[in-house]
Amino acid sequence: MLIKRPADIRPSEITPQRCFFDRRSFIRTASLASSGLLLGSGCSDAEEPVAAAIREADTDLVPNSLEDITRYNNFYEFGLDKSDPAKYSKDFKPKPWSVAVDGEADVTGTFDYDDIIGPLTIEERVYRFRCVEAWSMVVPWNGFPLGDLLKRFKPNSKAKYVAFETVFRPSEMPGQRRGVLDFPYVEGLTIEEAMHPLTLMVTGVYGIDLPNQNGAPLRLIVPWKYGFKSIKSIVRISFTEQQPPTTWSLATPSEYGFYANVNPEVDHPRWSQATERVIGSGLFAKRQETLMFNGYGEQVAHLYSGLDLRRFF
Ligand SMILES: Nc1nc2c(c(=O)[nH]1)N[C@H]1C(S)=C(S)[C@@H](COP(=O)(O)O)O[C@H]1N2
Ligand SMILES: [Mo]
């Protein structure tokens with residue numbers, strides 16, 4: 001199989017597709033079609049400065065192999081071991097797929113996968129992605145800024161948070177039959193975090209559709225936060241006024257907070273978070289110093305001005 005790597009994809013190849021998709025109907029229901037959702041579809045060459053800055057900052061990172069990315073995973077719906085998701089996710093069916101959108105927004109309903117991704121830009125970025133167990137990989141995700149999607153639902157002034165829910169399908173997800181966590185997996189962001197251009201709705205990796213073990217067909221990537229915030233196989237997006245519950249902070253509140261910003265100065269109760277193991281760096285995996293906000297401080301630190309990051313971990 002030919003795998004098209006992001007470096008090989010010229011912007012000129014991406015833009016026409018983006019504009020083509022703009023013409024597609026984003027919404028099936030009549031009420032939605034009349035709500036003006038098809039306007040302002042982002043078919044323009046102007047790039048937000050922050051996105052450009054991020055790309056520059058990431059160009060010196062060497063991506064992990066597709067093998068690393070698809071064989072070392074956390075996806076408890078398919079088992080607890082890092083090698084379990086690759087082994088036990090083969091029967092999972094990411095198509096057809098739909099996402100329910102509800103809560104504090106003018107436009108709500110259930111949308112097909114094609115409607116969700118159809119009109120949006122396919123950004124090509126490389127993110128250093130870190131996990132709460134202090135390991136990291138560099139992954140060339142394919143996706144688009146989550147905010148571009150959320151804006152289309154016209155969240156109202158009560159929408160202070162965005163909550164996400166993973167599919168509950170025990171027949172295809174053996175880990176859900178054992179109930180090691182309280183499934184379905186749920187996560188949440190503040191509306192400002194969700195709208196930040198670094199927060200991606202991810203549809204693929206290395207130019208191919210997301211493998212099941214990586215959260216097919218739609219998952220988040222929030223590059224300045226620990227891995228567990230990046231919820232996989234999303235079936236529901238809810239705009240809420242109250243801070244939504246999150247699976248890991250429900251399970252062990254003293255260990256995992258709502259914010260979960262990468263912070264080398266705040267230890268996990270059971271391990272230091274000052275350094276991270278670099279996956280794919282060989283048998284004696286090297287460790288490197290973990291950067292505040294995973295190295296994206298310039299872009300995101302302003303979201304937390306005035307917040308005590310030790311208390312709001
Ligand atoms: N639904 C769901 N999403 C999830 C998880 C999970 O167990 N279930 N694990 C999280 C954790 S702890 C990490 S580190 C990342 C791992 O993503 P990756 O396997 O693509 O590297 O997914 C996150 N999203
Ligand atoms: Mo994780």
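Results, tabulated for the structure shown:
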item	result
Residues satisfying the stated conditions in region 212-244, i.e. out of contact with any strand residue (DSSP E or B) (no Cβ under 8 Å at 6 or more places or on another chain) and within 16 Å of ligand 2 (Cβ to nearest atom)	213
Residue within region 65-88 that is aliphatic (A, V, I, L, M) and away from ligand 1 (no atom under 11 Å from the Cβ) present	yes
For residue 100: the one exception among (1) assigned to a strand (DSSP E or B); (2) crowded, with 16+ Cβ neighbours inside 10 Å; (3) small (Gly, Ala, Ser); (4) modelled with pLDDT of 95 or more	(2)
Pair list, Cβ under 8 Å, 6 or more apart: region 146-166 residue part of a helix (DSSP H, G or I), other residue within 16 Å of ligand 2 (Cβ to nearest atom)	146/220
Those strands (runs of 3 or more DSSP E) lying entirely in region 213-284 with at least 1 residues open to solvent by 30 Å² or more (accessible area, probe 1.4 Å) and under 21 Å from residue 312 (Cβ atoms)	234-240
Filter result for the condition that a residue is open to solvent by 10 Å² or more (accessible area, probe 1.4 Å) and in contact with a strand residue (DSSP E or B) (Cβ under 6 Å, 6 or more places away or on another chain), over 129, 144	129
Condition met for residue 175 (buried (at least 19 other Cβ atoms within 10 Å of the Cβ) and either without any contact (Cβ under 8 Å) to a residue 40 or more places away in the chain or over 30 Å from residue 65 (Cβ atoms) (or both))	no
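The values are calculated or read from the model by the stated rules, or taken from the named source; none is laboratory data. What you are looking at is a predicted structure, and each value in this text was computed from that prediction instead of being measured. Cβ coordinates were reconstructed from backbone atoms using ideal geometry, including for glycine residues, and neighbour counts include every protein chain displayed. Quick note on the areas: whole protein, heavy atoms, side chains included, nothing else; ligands and nucleic acids left out. Shrake-Rupley method; radii C 1.70, N 1.55, O 1.52, S 1.80 Å.
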